[in-house]
Structures are given as structure tokens and as C-alpha cells.
Amino acid sequence: MKFARFVVVTSFLLLAMSQWSNASETRCITRLTNDYSQDSITHTMDLNDYEVRDYGNDHLAFSIKMIRNLLSEVGCSRTAINFGRSARGRSHNRCDQVLRGVPGSRVCYVETNLGYFFVTRDMLTNVHVTFNRWD
């Protein structure tokens, strides 16, 4: 009897957490897309406005940090995003130069549960984060 009660309570808690997580994701997508008025939107962020450590050649870690900064800026909870899961299952991420040997052409592609992001930098202090929601 105690085991059955434990299973019921555990199942209820897991279901409640799942629903809360989905609501958090939906609120975040709403904020990122201006209440679903855009499927894709680009945010320009000045590095001088953020405390970002030097990631060296770890461009993916830098991109994830900038995405987290953007989410915080628009009011998303830290738990709304999952960098390990996407609509296609396990997320796939990659940073590469569009033109080999031209560091300014580097683009990072980051998949999440919310959608996918492109992160680029200009030659000064701006970072451009483009969010595309999953359809």
C-alpha cells in the first residue's frame, strides 16, 4: 500500500514538473518572438554591457553564454532552455567559419528545446544572436 501511494505521489510530481516546464518554455518563446509576431528575430548585444569571461577558442561556450545573457535580458527563466535537447532529439551544435581562414565569418549554430540560434560577432564589440523557433 505504501509503495502504491509513493508511485502515485511521484507520478503526480513528475507530471506537475513537466507541465511547469512546458509553461516556462512557452513563456520564453513568447518573449523571444514578440508574442509570436515573428518566427525569427535577431538581437544585437554589445559585449561592453555584459561580464563575459574569455573563452579563448571555445566559440560554442561563448555562444551559449551569450544566448543565456539574451534569455535573462528578455525575462526567461534559466530552466526554460535545454541545450542538450531539441525538436529533433539530441541537440546538434557547431561553430565554423563560412569562409575558411576568415575569423570574422564564424557562425555558431546552437539547437535547444526552444528553437535554434545563430550567433555571430562583428569586428567590434557586437554579438548578433538570431533565434528561430521550431515549427
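Per-residue surface analysis assigns ASP46 an accessible area of about 50 Å², computed on protein heavy atoms at 1.4 Å probe radius.
If a/c stays under 1.5 just call it rounded; otherwise compare a/b with b/c (prolate if a/b is bigger, oblate if not). Do that for the stretch 67-122, with a ≥ b ≥ c from the square roots of the Cα gyration tensor eigenvalues. Cα axes put the stretch 67-122 in the oblate bin.
In order along the stretch 53-60, phi translates into HN-Hα couplings of 6, 7, 8, x, 8, 7, 5, 5 Hz, rounded to whole numbers, per the Karplus curve 6.51 cos²θ - 1.76 cosθ + 1.60 with θ = phi - 60° and x for Gly and Pro. Rounded if a/c is under 1.5, else prolate if a/b is larger than b/c, else oblate: which is the stretch 20-84, with a ≥ b ≥ c the root eigenvalues of its Cα gyration tensor? Prolate, because a/c is 1.5 or more and a/b exceeds b/c.
Put SER86, SER72 in order of accessible area, highest first, and with a 1.4 Å probe you get SER72, SER86. Of the whole protein surface, LEU60 contributes about 50 Å² of accessible area at a 1.4 Å probe radius. When you restrict to C-alpha pairs under 8 Å that are six or more residues apart and normalise by the size of the stretch 14-135, the relative contact order lands at 28 percent.
The values are calculated or read from the model by the stated rules, or taken from the named source; none is laboratory data. Computed from a predicted model, the values in this text were never measured in an experiment. All accessible areas refer to the heavy atoms of the entire protein, side chains included, with ligands and DNA or RNA removed. Shrake-Rupley method; radii C 1.70, N 1.55, O 1.52, S 1.80 Å.
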